[in-house]
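Readers should treat all values here as calculations from the given coordinates under stated rules, not as data from a laboratory. Here the structure is a predicted model, which means the values were calculated and not measured. Heads up, the Cβs are rebuilt from the backbone with ideal geometry, glycines too, and the neighbour counts pull from every protein chain shown.
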Amino acid sequence: MLINKPRDIKASEITDYVMFKRRREFIKTSGAMLALGAVPMLLHSPVTQAKLVFESLQKSAFSTNEELTPYKAVTTYNNFYEFSTDKRGPAELARDFKSRPWTLEVAGEVNRPKTFDVDELIKLFDLEERIYRLRCVEAWSMVVPWVGFPLHKLIAHAEPNSRAKYVEFETLYDPERMPGQHKSLFGSVLDWPYREGLRIDEAVHPLTILAVGLYGEELPGQNGAPIRLVVPWKYGFKSIKSIVKIKLSEDQPLNTWQAQAPREYGFYANVNPEVPHPRWSQARERRIGEFLKRPTLPFNGYGEQVASLYRGMDPTKLY
Ligand SMILES: Nc1nc2c(c(=O)[nH]1)N[C@H]1C(S)=C(S)[C@@H](COP(=O)(O)O)O[C@H]1N2
Ligand SMILES: [Mo]
């Protein structure tokens, strides 16, 4: 549920690694006011939104040292069906997406349910930079310096009860702001809102993060502003964008792609080069911007950290 609460955050309340950068259009029209230090005004400006810049971030030991996929590629080649089914579409259509005010509700089997303002979350948990590989089910991949915090911190804050066995996630539903959610003559592209789920041990694994930025800046609309999941050992569709609700539950939830095409997509969706998608191989992948394909690694290369979560389970059933 999205509560239309006016955003009331003063520059002085913001921790020191969070800075505001003026958007280019705003400088053009109101440069003089900015020079006078009218930063809090910016936050309420109907003209444009201040852009968050994260500074002096902790560097995570979980980061890969592989070459980064350029910012331009990460922000112009996207899967985000709420805007478009075309990979070039979201960058255009989400460019002016207003990600403030924004609330994230944490509910379900917890002792402390709470609805957070997203900026409250940014202040509550120490942000770090995490460089992760992300492997799309469509056999391409990228390496992104995310800014975020481990999901387990938020889950611990909510105090799950003993019935909490799964964690469900929900994207915003607002066809006015997400044009891909409009029904066409042919019906809906997907059954909105987009939903995902994790088993609770996957959700609290130290590799699982909620990201609020990339390349040291707030998430662009097309990458899931203002807050999204990143689960690096699973196919990209598990990393749900623009989250408004997290619910702890007793039963395994149905995720959007599994509901849409159960023969092709499952709940676990762990990257596995040995199990082909029914319509294509998963053995290799193309890193965005590169020509030659490279082999896909089990668990997207994170097997050492996560394989133990699935001990005793049939690996061919984990896609
Ligand atoms: N809400 C929502 N989340 C989503 C998607 C989507 O269409 N809607 N696409 C998923 C898919 S298939 C992938 S590969 C990643 C892509 O993330 P990126 O655009 O930041 O690279 O987002 C995932 N999260
Ligand atoms: Mo994907």
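One Cα centroid belongs to the range 48-114, the other to the range 250-291; the line between them spans 21 Å. Each residue, ARG284 and GLN58, gets one label point 7 Å from its Cα in the Cβ direction; the gap between the two is 4.0 nm. The 3J(HN,Hα) values that the Karplus relation (6.51, -1.76, 1.60; θ = phi - 60°) gives for the range 130-136 are, in residue order, 10, 8, 10, 7, 10, 10, 6 Hz. Gly and Pro appear as x. The ellipsoid equivalent to the alpha-carbon distribution of the range 98-228 has semi-axes of 24, 20, 17 angstrom, derived from the gyration tensor eigenvalues as √(5λ) and listed largest first.
So if each residue of separation counts as 0.36 nm, and I subtract the Cα-Cα distance between SER308 and HIS182, what length gain in nm does that give?
Details: separation 126, 0.36 × 126 = 45.36 nm, distance 4.18 nm.
In short, 41.2 nm is gained.
With q set to 0.08, 0.09, 0.10, 0.16 Å⁻¹, the log10 of I(q)/I(0) for the range 11-310, from the Debye formula over equal scatterers at the Cα positions, is -0.35, -0.44, -0.55, -1.46.
Spin-label model, LYS123 to GLU274: label points 7 Å out along the Cα-to-beta-carbon direction sit 5.0 nm apart. Label zone (VAL189, point 7 Å along Cα-to-C-beta; backbone nitrogen cut-off 19 Å) within the range 217-242: 220-229, 236-242.
Once both labels are positioned 7 Å from their Cα atoms along Cα-to-Cβ, the gap between LEU292 and ASP174 label points is 4.6 nm.
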